[in-house]
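One structure is given here, and the rest of the page talks about it.
The values are calculated or read from the model by the stated rules, or taken from the named source; none is laboratory data. Here the structure is a predicted model, which means the values were calculated and not measured. Quick reminder, even Gly has a Cβ in these numbers, built from the backbone with ideal geometry, and neighbours come from all protein chains shown. Note: areas computed on protein heavy atoms with side chains; ligands, DNA, RNA excluded. Shrake-Rupley method; radii C 1.70, N 1.55, O 1.52, S 1.80 Å.
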Amino acid sequence: MPETGVASVQTIGRASMVLKVLSESSSDGMRLSDVAMAVGLGKSTVSRLLRALIDVGYVETDELGKRYRLGYCLFNLGNAARRFHIIELARPALARLAEVTNDTIFLSLRDGDQAHCVDRQTGAYPIRTLTLSVGDRRPLGVGAGSLALLAFEPEAEVERIIATSHEARRPFTGFGDDALRAMVSDARARGFAFNDGHIVSAMNAVGVPVMDQNGRVAAALSVAAIRERMTAPRLTELVALLTAEAAELGKSIGRRRDHAARPLEVTEEE
């Protein structure tokens, strides 16, 4: 590799080390000397790296310019990577569920205070419930997958979302604040979210959360079908199928994250 190529790789490795250290610091950020000590590089080297990372929005400073923390642009990049990574991991699960149930399976991810349908797999049953297309967004809580994303968040977050999303839910009859709180409570008690014809009267849906290794909601799997295919015995079967796939998907997310988190080795200290 040419010398310029080696230098570029070395710079990328060092920048990655700086970002990793900042990611593990408190929200107050870190001083230059603390970052330099943590990564084992000279302050002049770390200062140049930090300035470059600030230029692209991956790092920001406090008002005095004395403490450094991760920037908003890096969070956006991380969310985009995480989103693609979950879609990729979930595809086999969606295919299996569609084949076994013959119904329509959805994968939903949280996007701010909305649920984003990011993938869909249709089964062989001739009456298909295509109430969501890939790319569609709904306020959190509206629909089975969306409700699964909301209901298993911490209580304070649920209340914040309900309080601030009233207008966004207005077009969806039956999803007022009190009704949504009752749906959240019911989902928590059951362990899954159930949409009993609240959006399309002849169609029902059930959704379960996908939890990551830290116990946080990473995604939601849901299945939709005509009401006649959601009777009590079959509902129990569908919940079991969704829950099993969600558990495996959650483990897969954790395994991929652990593999990606292996530390980089950087040499040639300045």
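The table below lists the values:
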quantity: Residue match in the range 134-147 (condition: modelled with pLDDT under 95, aliphatic (A, V, I, L, M) and in contact with a strand residue (DSSP E or B) (Cβ under 9 Å, 6 or more places away or on another chain)); calculated: yes
quantity: Enumeration of residues in the range 20-34 that are within 29 Å of the chain's Cα centre (by Cα), open to solvent by less than 80 Å² (accessible area, probe 1.4 Å) and of a type outside the set (S, T, N, Q); calculated: V21, L22, G29, M30
quantity: Long-range neighbours under 8 Å by Cβ, at least six apart or interchain, first residue more than 14 Å from R67 (Cα to Cα) within the range 11-26, second of a type in the set (D, E, K, R) and open to solvent by 70 Å² or more (accessible area, probe 1.4 Å); calculated: G13/E265
quantity: Single residue of R188, R216 found to be open to solvent by 40 Å² or more (accessible area, probe 1.4 Å), farther than 18 Å from I105 by Cβ, touching a residue at least 12 places away in the same chain (Cβ under 8 Å) and out of contact with any Gly (no Cβ under 8 Å at 6 or more places or on another chain); calculated: R188
quantity: Qualifying position, being open to solvent by 70 Å² or more (accessible area, probe 1.4 Å) and touching a His at 6+ places or on another chain (Cβ under 6 Å), among R137, R170, R160; calculated: R137
quantity: Hits in the range 226-242 - residues which are among the polar types (S, T, N, Q) and either assigned to a helix (DSSP H, G or I) or modelled with pLDDT of 95 or more (or both); calculated: T236
quantity: Test: D62 is modelled with pLDDT under 90 and open to solvent by 80 Å² or more (accessible area, probe 1.4 Å); calculated: no
quantity: Top-ranked residue in the range 104-126 [being open to solvent by 10 Å² or more (accessible area, probe 1.4 Å) and polar (S, T, N, Q); ranked as nearest to Y72 (Cα to Cα)]; calculated: Q114
quantity: Pairs with Cβ under 9 Å, 6+ apart, first in the range 84-103 and more than 15 Å from I253 (Cα to Cα) and open to solvent by 90 Å² or more (accessible area, probe 1.4 Å), second in a helix (DSSP H, G or I) and not hydrophobic (A, V, I, L, M, F, W, C); calculated: R96/E245
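Quick grid of which residues meet (1) in a helix (DSSP H, G or I); (2) of a type in the set (S, T, N, Q):
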| position | (1), (2) |
| --- | --- |
| A15 | yes, no |
| L41 | no, no |
| T45 | yes, yes |
| L49 | yes, no |
| A52 | yes, no |
| E60 | no, no |
| E63 | no, no |
